[in-house]
Amino acid sequence: WVEQDPKEILKSVHECVERTCEKLQQLNIPIVNIKAIGVSNQRETTVVWDKTTGEPLYNAIVWLDLRTQSTVERLIKRIPGKNKAFFKFKTGLPLSTYFSAVKLRWLLDNVEEIKKAVDDGRAMFGTIDSWLIWSMTGGKNGGVHCTDVTNASRTMLFNIHSLEWDPELCQFFDIPMEILPKVRSSSEIYGLMLFFLFFAKQKSGALTGVPISGCLGDQSAALVGQMCFQDGQAKNTYGTGCFLLCNTGQKCVFSEHGLLTTIAYKLGRDKPVCYALEGSVAIAGAVIRWLRDNLGILKTSQEIEKLAAEAGTSYGCYFVPAFSGLYAPYWEPSARGIICGLTQFTNKNHIAFAALEAVCFQTRELLDAINKDCGIPLNQLQVDGGMTNNKVLMQLQSDILCIPVVKPSMPETTALGAAMAAGAAEGVGIWSLNPGDLTAVTCERFEPQINPEESEFRYARWKKAVMKSMGWETSEGSSNGKSE
């Protein structure tokens, strides 16, 4: 079980705004210079709250939570041929614990307070962006209940062609449509953030609120921040999980190799919608946290780079961190984590190296799938996210992919993408996102340094390890490990 307190998330956003305002004051920049706000969020994470009190009715259920496995199995039985890809052509997604609809179904089935709030017409559902925008534009006093197309496309309730909530899908999951937010583009004014009034007292009586005018799920925001606006451009974000998105332009490409079809962005009400193929890996940075917190072989997350560099090899040890099953390209919830190929010689440095290699091998599987689906192999990979500060990881990634890896000097491209969408919105218009108006970003490049044969050998061994991790868990007999 993986939960978060929605009020804590909201508090951290307020704190972020406060710190920003304080920093601007230190730099002698008047707060009235803040022209717009963009929101970027973890997708799929599900919140239900009471619109009369403004209070969440339960903790947010996070994207990688596995409590809904039995819900998924129950739903699959109702599908002809038990086909988990049955809704793929409407939603771009397989039926999985990952997406919001099954989390919402679990809440409706298991939380009495939510059932009652739905019956009374008090309940509102949203992903984190909806919860934040509603809360920051007034909350119970007229807050705006909306989401954008990128977040809506991860719920499994949204038709990615018509760009509307789908009555058939809502009926299948038995979800009342009146609790869903209004779906808007990723770049338009949704409402005014009133929190700034508190700061406006300093010197400027004129400030009444700042428009929230950008909203993108984190992976779409990173695609925008990396300026992957051309068909065929791709980026990989290394966070808790790992997410490789390839822009397919205005055409919706359905994967034959285990990838998701998702909405990349729609940068304005009258702008076209663009799609992406996405490979999602559940565990990337989370494996380092696991080595630190659960095994105690690292004191800090940064230490892994030093340990891995000392080893220089995994010495034949392979680590498949399938802690919450395997996502793309397998979609296998029964998989569990394994470390194999251990000998008496294996030490913690080798395991640290194998953990970093696991992130790279998982990315290689996604890249292979994207190359097969798109037919045009990528000649370089643009990367971002906190883990990209690890130079050993970046070099390993280039070696395992056999192509250059390119990292922008500003790794937090998710925040940048949300800001780009907010500033380009109609009515804000601080800058343009036309490719001709964008400046190139300074980058660091990592070139492959091993021969392709060695890379292929290691990759083949990794695949063998993945096969051994599968079919481990059955939902009936499992004792649910809970983590909050």
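The values are calculated or read from the model by the stated rules, or taken from the named source; none is laboratory data. Just so it is clear, the structure is predicted and the values come from calculations on it, not from any experiment. All Cβ positions, even for glycine, are placed from backbone atoms using ideal geometry, and neighbour counts span all protein chains on display. We work out accessible area using only protein heavy atoms, side chains counted, and drop any ligands, DNA or RNA first. Shrake-Rupley method; radii C 1.70, N 1.55, O 1.52, S 1.80 Å.
Check whether at least one residue in the range 110-121 is assigned to a helix (DSSP H, G or I), open to solvent by 40 Å² or more (accessible area, probe 1.4 Å), of a type in the set (S, T, N, Q) and at pLDDT 95 or above, and report yes or no. Taking every residue of the range 110-121 in turn, at least one turns out to be assigned to a helix (DSSP H, G or I), open to solvent by 40 Å² or more (accessible area, probe 1.4 Å), of a type in the set (S, T, N, Q) and at pLDDT 95 or above.
Here the range 299-316 is the region considered, the condition is being in contact with a His (Cβ under 7 Å, 6 or more places away or on another chain) and open to solvent by less than 40 Å² (accessible area, probe 1.4 Å), and the residue that is farthest from residue 278 (Cα to Cα) is 311.
Any residue at all in the range 20-27 that's under 30 Å from residue 424 (Cβ atoms), open to solvent by 30 Å² or more (accessible area, probe 1.4 Å) and in contact (Cβ under 8 Å) with a residue 40 or more places away in the chain? So that I can check it myself, show each step before the final result.
From the range 20-27, those under 30 Å from residue 424 (Cβ atoms) are 20-27; that's our starting set.
Now restrict to residues that are open to solvent by 30 Å² or more (accessible area, probe 1.4 Å): 20, 22-27.
If we keep only those that are in contact (Cβ under 8 Å) with a residue 40 or more places away in the chain as well, we get 25.
Among the residues of the range 20-27, at least one is under 30 Å from residue 424 (Cβ atoms), open to solvent by 30 Å² or more (accessible area, probe 1.4 Å) and in contact (Cβ under 8 Å) with a residue 40 or more places away in the chain, which makes the answer yes.
Restricting attention to the range 43-70, the residues that are more than 20 Å from residue 322 (Cα to Cα) and polar (S, T, N, Q) total 4. Of the strands (runs of 3 or more DSSP E) entirely within the range 126-196, those holding at least 2 residues that are hydroxyl-bearing (Ser, Thr, Tyr) occupy 187-193.
Within the range 44-91, the set of residues being among the hydrophobic types (A, V, I, L, M, F, W, C) and within 18 Å of residue 1 (Cα to Cα) comprises 47, 48, 57, 60, 61, 62, 63, 64, 66, 72. Residues that are among the acidic types (Asp, Glu) and under 24 Å from residue 220 (Cα atoms) within the range 168-189 comprise just one, 188.
Being surrounded by fewer than 19 Cβ atoms within 10 Å (Cβ to Cβ) and touching a residue at least 24 places away in the same chain (Cβ under 8 Å) is the filter; apply it to the range 32-43 and report the residue that is nearest to residue 152 (Cα to Cα). Step by step, filter the range 32-43, then rank; the result is 35. Restricting 331, 290 to those that are over 30 Å from residue 92 (Cα atoms) and hydrophobic (A, V, I, L, M, F, W, C) reduces the list to 290.
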